Each structure stands twice: as C-alpha cells, then as structure tokens.
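> The structure's right below; bear with me while I get my questions together.
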Amino acid sequence: MKSLLSVPPVPFPLLTMVFVAALAACAQGPPAIDGAGTITIAGATLIDGTGAPPVEDAVVIVRGDRIERAGSRQDVPVPEGGEVIDATGKFLIPGLVDLHNHYRDGLEQWSWALQLHAGVLTVRSLGSDHGQTPAMIAEAWAGNVAAPRIFTAGVGFSHPEGFPPGKLGPATEEEAREMVRDLAAQKVDLIKMWVDTFLDTRPKIEPGIRAAIVDEAAQHGIPVSAHVFFEDDVWQLVDAGVRSFVHGVRDGEVDDEFVAMAQENGLTFAPALGQAKTFWWVAENPELLDDEEFRAGIQPPLLERLLDAENRAAMLASETTAKRRVAFDYMAKFIRRMNEAGVVITLGSDSGAGNIAYGWGTHHELEALVEDAGLTPLKALAAAGAAAAAELTDDPDFGSVAEGMAADLVLLTADPLADIRNTRRIDRVMQAGLWLERGLPEFPQPAE
Ligand SMILES: [Zn+2]
C-alpha cells in the first residue's frame, strides 16, 4: 500500500496526451531509423529460412555486415537516406547453408567461387581436407580468399582398408583417441566418420573404434557426424552418442521403434539425395550437359566422360547402378518418413563427390528434398537455412533473415515456393552486406 501511495498521481491531461501519442504511433507505424549508410531491399517477398510463412512486401535493412531490421513494410518502414533497392516482384532468401562438401587440394578457390555464384554462403567440409586445403580454409577465414563461411571436419575416419582411401584409419581405440586429440588441436568444428561397406566392397570401421572416437570427441566438446547406410549402424552410433547423420538408412524400411528413437534423440539427417541419383541422373537427363552452371562445376576429365554417350549408356546398364537405385528408393522413403515424423532434415549436397557440381549441387539437392522426399519448398529452404545453421553452431548468426543476423542474402527473380527450382533464378547475392560480383570461374590450369 505504502509504495502505491508514494507514486505521485499522474495529472489527467498528461495521461490523455500519452494515449493520443500512442494512437498516432499506431496509425503511422514505428518511427523510421536513420538510413545513412544502409542498404534497404524493399518490396520483395521474404522467405526467412526458418520455415515461417513468407512475408509479402517486406523491407530488409542492412547496415555494415548485419541485418538491422527485417519485416513487413508496416512494421519496418523504409528509412530516409541510404540506398534503397526496389525488389518488387522478387523473392528474398537467406544465403544457402550446405552441410556436405568435399574440396580438392588445389581446387578450393574454384569450388568456392562456384558456390558464391550460386548463393551458397555457408558450407561444411566433410572430411577431405588434404594438402593445402586446411591452409586455404584459414586464408578464407582471414578474408584473403573469396569463399563461403567454412566449417570443417578436417580429415575424417574410416576403416584402415575402408572407403574413401587416405582417411584416418586407426587400428586400436587408443590410436583413435590420439587422432581425435590431434584434430581437436587443429580446432576442427566436428569429426566425420564413414560407416559403410560401399556396396559390399570395403570393410566398415569397427564399432569399438567408433565408440572411442565419439567418446574422445565428446571430451573435447566436438560433435560427430556419421555417413551411414545400414540401420543397425545408426542404432549403434546413437548409443555411442552420435546425433548428426549424412545420407540415411538405405538397407530397408525402418519401423515405428526407429522413428520414436530418432525423435527422442533429436537426430538430424542430411541425405544427399541428389548425389545418390548422380549415377543415372545425367544419363537420364542429358540436357543437363548444356547447362552452363552444371558444366562449369564439374572437373573437366569427369565432364569428358559424361559427354560420352556410350559411357552414359554404360552408367544406366551397370549392375552397380541397379543396386544404387534400390538403395536410393529406401533412402528417399526413409527421409520422407523422418520428415513426416518431425525429425530434422538438413541440406547436404555432397558437392565435390562424383558428378555433383559445386553450387549447382546445392540447388539440385533442394529440388531432390522436395521431389523425392516430400518436403514442402518452404521446409526445404529451412533445411538449407536455420535447420542447417543450428547444426553448425549453438547460436548461429546466419541461415535466416532477421534482426542481428549476418547480411547474407539471395534475391531471386521467381518464386521458390511455387517451384523450388526457382532458387536458381538468382538476381543478386549479398555476402556480409556486400553485393557479390557473380560469375562462373574457369577451371584452374595446373601449376607450372
Ligand atoms: Zn560425402
């Protein structure tokens, strides 16, 4: 009572003035910010990357390398001063996040230029950093090389005689732990493990070794992501502590018990459906060979083989392709089921593997998530947006368009929600507040 009485009474006329002022503010919307030094993208339909419904006639204000405000024109008035881009009739999405890439020693800058061109602004390098690649990633972080934001697993683990060749293949649990400690000293963002027989051609990394890797990684606070094929391995890896998977179950259909386990443990899957189709996709769609962005992102020797019609026919006829189609059908069904059960699906294209062109591959995977796994285009964009970003770091400042986030934006000339393939209809790309000069790079000539 005492405290209430101690508050001086507000004079009636002042209350009225406050009320009137509040009404006026409602009618005019919030006050505009000072626009000096800003870039404002006004009038586009905003798809913010979180899976939230699109916002028509949106205004996104960029200051420096950050998004200062984003929302509908009613909530975010166009500021006075600064640069204003009229984006009426266009569509704005966050810079794409791709969780599954392999870069080749000496081809890093070429790969990254292709990805920047395609609006892929955050990537995860998944276990193939050999030769100069780690040094190039450091150069990219230092701002000396044009590149997306790069997270990396360094070099990944497999069985000593496993696939791919040249990976870390510890013979004992203690050796495995030592290798994890080395990776921790290199400050990798995660540990990668291949757990697969590669169509019964290679031995799988031993379960005891896997568990030692995951345990040692946990002691250093490093997450583990596993390439999987078989359902049994997912169970074992989850038991060991793995939550993040690339590809998916491809040896049969999972039951309700598996679905419940995936939900309870918060598993995530980045399927690389586009990569799985690669063994027949080009042969069945040879018009792709006329697609500039596809051609530019494939290494010339591989492109030569694809251009050879006899070789394409052999790809379609091969027994291995037949096996891969069966595995693909299982995986597509698996990802569809996980998505329907609310398990998080993320985008990982496996760019750099096989016929997956950098840049193009990310868009190809978006299409596959919709066409083959039944995600809505809105959800596919979240798989390449906030969902993927959340897997890279605890409190991401990229992967969605909102106040305070990095100004990584892709402006499209056609609606990706009407047709997911419209993500390739790029008008411009902004990285950290700067419009990029886009263009397809030439394949690098070998050093003298
Ligand atoms: Zn891969």
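> Please find, among ALA24, ALA42, ALA70, ALA32, the residue that is modelled with pLDDT under 90 and either surrounded by 14 or more Cβ atoms within 10 Å (Cβ to Cβ) or in a strand (DSSP E or B) (or both).
Details: ALA24 fails: either surrounded by 14 or more Cβ atoms within 10 Å (Cβ to Cβ) or in a strand (DSSP E or B) (or both); ALA42 fails: modelled with pLDDT under 90; ALA70 fails: modelled with pLDDT under 90.
Answer to the check: ALA32.
> Among the residues of the stretch 304-326, is any out of contact with any Lys or Arg (no Cβ under 8 Å at 6 or more places or on another chain), at positive phi and surrounded by 14 or more Cβ atoms within 10 Å (Cβ to Cβ)?
First pass over the stretch 304-326, keeping only residues out of contact with any Lys or Arg (no Cβ under 8 Å at 6 or more places or on another chain): 304-305, 307-310, 312-326.
With at positive phi added as a condition, the list becomes none.
For the stretch 304-326, residues out of contact with any Lys or Arg (no Cβ under 8 Å at 6 or more places or on another chain), at positive phi and surrounded by 14 or more Cβ atoms within 10 Å (Cβ to Cβ): absent.
> To continue, here is another question. Would you mention how many residues in the stretch 343-358 are of a type in the set (A, V, I, L, M, F, W, C), closer than 16 Å to THR376 by Cα and within 16 Å of the ligand (Cβ to nearest atom)?
Initially, the stretch 343-358 is screened for residues of a type in the set (A, V, I, L, M, F, W, C), giving 343-345, 347, 353, 356-357.
Subset that is closer than 16 Å to THR376 by Cα: 343-345, 347.
Still in the running and within 16 Å of the ligand (Cβ to nearest atom): 347.
Total meeting the criteria: 1.
> For ASP395, state whether it is of a type outside the set (S, T, N, Q) and surrounded by fewer than 20 Cβ atoms within 10 Å (Cβ to Cβ). Steps first, answer last, please.
Details: of a type outside the set (S, T, N, Q): yes; surrounded by fewer than 20 Cβ atoms within 10 Å (Cβ to Cβ): yes.
Yes.
> Next up: Would the stretch 321-342 turn up any residue that is within 16 Å of the ligand (Cβ to nearest atom) and basic (Lys, Arg)?
Yes - at least one qualifying residue is present in the stretch 321-342.
> From the list PHE334, PHE294, which one is surrounded by 13 or more Cβ atoms within 10 Å (Cβ to Cβ) and within 17 Å of LEU366 (Cβ to Cβ)? Let's see the steps before the verdict.
Numbers: PHE334 fails: within 17 Å of LEU366 (Cβ to Cβ).
Being surrounded by 13 or more Cβ atoms within 10 Å (Cβ to Cβ) and within 17 Å of LEU366 (Cβ to Cβ) holds for just one of PHE334, PHE294, which is PHE294.
> Those residues that are outside any loop (DSSP other than H, G, I, E, B) and surrounded by fewer than 22 Cβ atoms within 10 Å (Cβ to Cβ), I need them from the stretch 230-243; list them, please. I'd like the intermediate steps shown before the answer.
Initial filter on the stretch 230-243 (outside any loop (DSSP other than H, G, I, E, B)): 231-240.
Scanning the stretch 230-243 gives GLU231, ASP232, TRP235, GLN236, VAL238, ASP239, ALA240.
> Return yes when GLY385 is free of Cβ contacts under 8 Å to residues at least 40 places away in the same chain, away from the ligand (no atom under 16 Å from the Cβ), in the same structural domain as ASP251 (by TED's automatic domain parsing) and closer than 30 Å to ASP256 by Cα and no when it is not. Write out each step before concluding.
Values: free of Cβ contacts under 8 Å to residues at least 40 places away in the same chain: no; away from the ligand (no atom under 16 Å from the Cβ): yes; in the same structural domain as ASP251 (by TED's automatic domain parsing): yes; closer than 30 Å to ASP256 by Cα: yes.
So GLY385 does not fit the description; no.
> Next question, about the same structure. Restricting attention to the stretch 236-287, which residues are within 29 Å of ALA313 (Cβ to Cβ) and away from the ligand (no atom under 16 Å from the Cβ)?
Of all residues in the stretch 236-287, those within 29 Å of ALA313 (Cβ to Cβ) come to 247, 250-251, 271-287.
Residues satisfying the conditions are ASP251, TRP280, TRP281, VAL282, ALA283, GLU284, ASN285, PRO286, GLU287.
> Quick one: is GLU257 crowded, with 18+ Cβ neighbours inside 10 Å and either among the hydrophobic types (A, V, I, L, M, F, W, C) or in a helix (DSSP H, G or I) (or both)? Walk me through it before giving the result.
On the way: crowded, with 18+ Cβ neighbours inside 10 Å: no; either among the hydrophobic types (A, V, I, L, M, F, W, C) or in a helix (DSSP H, G or I) (or both): yes.
When the stated conditions are applied, GLU257 does not pass them.
Listed here are the residues, each with its yes/no results for (1) under 28 Å from VAL254 (Cα atoms); (2) touching a residue at least 12 places away in the same chain (Cβ under 8 Å); (3) not acidic (Asp, Glu).
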{"residue": "GLU293", "(1), (2), (3)": "no, yes, no"}
{"residue": "ALA317", "(1), (2), (3)": "no, no, yes"}
{"residue": "GLU340", "(1), (2), (3)": "yes, yes, no"}
{"residue": "LEU347", "(1), (2), (3)": "yes, yes, yes"}
{"residue": "GLY352", "(1), (2), (3)": "no, yes, yes"}
{"residue": "GLY359", "(1), (2), (3)": "no, yes, yes"}
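The values are calculated or read from the model by the stated rules, or taken from the named source; none is laboratory data. All of these numbers come straight from a predicted model, not from anything done at the bench. Neighbour counts run over all protein chains shown; Cβ positions are idealised from the backbone, glycine included.
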